Structures are given as C-alpha cells and as structure tokens.
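Below you'll find the structure I mean.
The values are calculated or read from the model by the stated rules, or taken from the named source; none is laboratory data. Computed from a predicted model, the values in this text were never measured in an experiment. With ideal geometry, Cβ positions are generated from the backbone for all residues, glycine too; neighbour counts draw on all protein chains shown.
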Amino acid sequence: FLDKSEFILDREIEFKKNDYISVVKFDSQLGKIDMLCIAKNKKSITESDLSIAFQKSTEYKMPVLLVAPCELSKKASEKLQELRNLVFFKKLN
C-alpha cells in the first residue's frame, strides 16, 4: 500500500501478526506531514478500533491513518465522522 501511494515510510514502531504501526510522511500543500499509520488485518473495523487509533493519535501527537482490507462497521462509520480531523481510514484493495 505504501509503495503505491504518496506515503513514505519513516520508521516502524510495532509489528504484530495482525497489526502494524509506523510513522509515514507525505507531501501536502503545507509541506511534509507526519502521520501514524496503523494497519490491521481484520474482517471489520469497529468503533473500539477507532477509539484505540484516537488514543494513539494523542499519545504520539499526530493524526492517524488507519488502513485495513475490510469495511467499517456502521457504528465505526459514525465514530469516524466525530474524529474526522485526527483519524482517517483507507480500505486496502
């Protein structure tokens, strides 16, 4: 995913069987921006997953890009609207 997108891997933080956390950089109109990238291998992203991503956002003081090969649950979609400037979701193809 990172190779195909405009994101550049800066450093890895955590690697588990179904979870991966790293810091990525990308160019924006405002300059280079750091984001925490959380990749999950799950059947569905839940509201709890978004809450954990938000906690990581505040812990690392940067927005979070959550990527997964699945869809968001209905409650997770609603929660994502509340966190729209701190947590972003991208479905992997």
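Of the numbered conditions (1) among the hydrophobic types (A, V, I, L, M, F, W, C); (2) outside any strand (DSSP E or B); (3) touching a helix residue (DSSP H, G or I) at 6+ places or on another chain (Cβ under 8 Å), I52 fails exactly one; give the number of that condition.
(3)
How many of the residues in the stretch 60-92 are without any contact (Cβ under 8 Å) to a residue 12 or more places away in the chain and either crowded, with 18+ Cβ neighbours inside 10 Å or within 19 Å of N41 (Cα to Cα) (or both)?
Final tally of qualifying residues: 2.
Of everything in the stretch 1-43, what is part of a strand (DSSP E or B), of a type in the set (S, T, N, Q) and more than 14 Å from the chain's Cα centre (by Cα)? Give them in sequence order.
Result: S28, single match.
Of all residues being farther than 16 Å from N18 by Cβ, of a type outside the set (A, V, I, L, M) and in contact with a strand residue (DSSP E or B) (Cβ under 6 Å, 6 or more places away or on another chain) in the stretch 30-55, which is surrounded by the most Cβ atoms within 10 Å (Cβ to Cβ)? Just the residue, please.
Of the residues in the stretch 30-55, the ones farther than 16 Å from N18 by Cβ are 30-36, 47, 50-51, 54-55.
Of the ones still in play, those that are also of a type outside the set (A, V, I, L, M) are 31-32, 34, 47, 51, 54-55.
When the remaining residues are screened for being in contact with a strand residue (DSSP E or B) (Cβ under 6 Å, 6 or more places away or on another chain), the result is 32, 34, 54.
Details: K32: 10, D34: 15, F54: 17.
Step by step, filter the stretch 30-55, then rank; the result is F54.
Please identify the pairs in which a residue from the stretch 1-27 that is among the charged types (D, E, K, R) and at pLDDT 90 or above has its Cβ atom under 7 Å from the Cβ atom of a residue that is exposed (fewer than 12 other Cβ atoms within 10 Å of the Cβ) and part of a strand (DSSP E or B), counting only partners at least 6 apart or on another chain.
What qualifies is K25/K32.
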